[in-house]
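Notes follow the structure.
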Amino acid sequence: MKKILVLGSEGFLGSVLVPHLLKFKNISIIGIDECFFGKNNHSSNNFKLIKIDYNLLNKKFFEEFHIIIDLINISNDPASELNKKFTNQTNYLNKIKLYKKIQNNKKLLRYVYMSSCSVYGNNKNLITENSIPKPISLYSKLCLKYEKFLKSKKRIPFTIMRLGTLYGWSPRMRYDIAINKIIRDMVFLKKVEILGGTQLRFFCHNIFACEIISQIIAEKKYQYLNKTINVGNFNTNIIQLTKKILSLTKIKDVNVFHEKNTIDKRSYEVSTRSSRKILADKNFKNLTNKSIMNTYAKIKKDKKPFASKKITLSVYKEFLKKNKI
Ligand SMILES: NC(=O)c1ccc[n+]([C@@H]2O[C@H](COP(=O)([O-])OP(=O)(O)OC[C@H]3O[C@@H](n4cnc5c(N)ncnc54)[C@H](O)[C@@H]3O)[C@@H](O)[C@H]2O)c1
């Protein structure tokens, strides 16, 4: 029986990752989450959620796990700019403390850290894992700083996954990420606002990310041991993305407003080579269209598409205010 610890199990990615992993045999999962966005997984024989700040867990607690998947980050640029000290604590300093607690764990086979392709900042060339990161935001600078820490220590077996911007349906729904927001606005507001629009982005369907995580934690050849991989299924710019979503979903009467000026300086195109290699998926192309259609089908049934808890920034703003941080 493989024991898996998912830190941040109730977040956007965690809420689809837990059910995804539970399809596999001989695993049991403990989820740890402070539940900023509610409890989103269901308890079962193989899954238990502990609602707690993971910093309160002692060294002993972590000893029994074979796999630790770390999904905890303030993972949105505006939210991470709210209180820089708190972000530095959450996205970097607390992770160093975690590292010290787990660095001598004999059973640990892999620690998987979810970083971001936003570490590449603005780059005109096609990006691979060998490209030099140029992070712009505090969020991406801290992702990279922790990556460097992990690589320099080499005390635990790790894999760093640099994810593209996620999209897809999740029980902890996020509308502060591009594709989800565009679809929501097309369906419920009949309008889309494009800022800039020529910036290139790398996108990653949440289920696609789960599939890669499950391959990484089950790998027998250790190809991804102590490695960094870029994970995502397609690249496009926001103008083309809007056109693609409209043509696929055939949503009618949408007004598209285009504001050419933007403060968003990030632009990068990332090679899908690593993701293709891991999945060996012949239907890689269809996957993007299918996943967009699937996201659309779920979003149009959302009864509360404008709930503030579906915007990461609103939730952290409220939390910081309430706790006077
Ligand atoms: N969403 C994206 O587009 C994207 C893109 C690239 C990388 N990533 C990375 O993927 C990971 C998951 O992202 P997500 O979108 O699911 O984020 P999320 O904000 O939805 O989930 C994070 C979860 O961590 C929990 N949490 C925060 N601090 C905690 C603490 N101290 N103790 C216990 N729980 C705590 C929150 O309650 C939340 O449920 C992050 O590491 C993020 O940096 C996300």
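Just so it is clear, none of the values below were taken in a lab; they were calculated from the coordinates. Predicted model only: the values in this text are computed from it and were never measured. Ideal geometry is used to build each Cβ from the backbone, glycine not excepted, and the neighbour counts take in all protein chains shown.
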If we keep only residues of the stretch 165-181 that are surrounded by fewer than 22 Cβ atoms within 10 Å (Cβ to Cβ) and outside any loop (DSSP other than H, G, I, E, B), then the residue farthest from the ligand (Cβ to nearest atom) is Lys181
Taking first residues from the stretch 108-126 that are farther than 28 Å from Glu64 by Cα and touching a residue at least 60 places away in the same chain (Cβ under 8 Å) and second residues anywhere that are within 13 Å of the ligand (Cβ to nearest atom) and of a type in the set (Phe, Trp, Tyr), the pairs with Cβ under 6 Å that are 6 or more apart or on different chains are Cys117/Phe202; Tyr120/Tyr268; Asn123/Tyr268
Among Tyr139, Tyr111, the single one that is outside any helix (DSSP H, G or I) and buried (at least 19 other Cβ atoms within 10 Å of the Cβ) is Tyr111
- When you look at Asn73, is it under 14 Å from the mean Cα position of the chain (by Cα) and either closer than 26 Å to Glu219 by Cα or more than 14 Å from the ligand (Cβ to nearest atom) (or both), yes or no? yes
Notebook entry, point to check: Looking at the stretch 148-157, is at least one residue part of a strand (DSSP E or B) and more than 20 Å from the chain's Cα centre (by Cα)?
Noted result: no
(1) within 14 Å of the ligand (Cβ to nearest atom); (2) crowded, with 22+ Cβ neighbours inside 10 Å; (3) not polar (S, T, N, Q) all hold for Ile67 apart from (1)
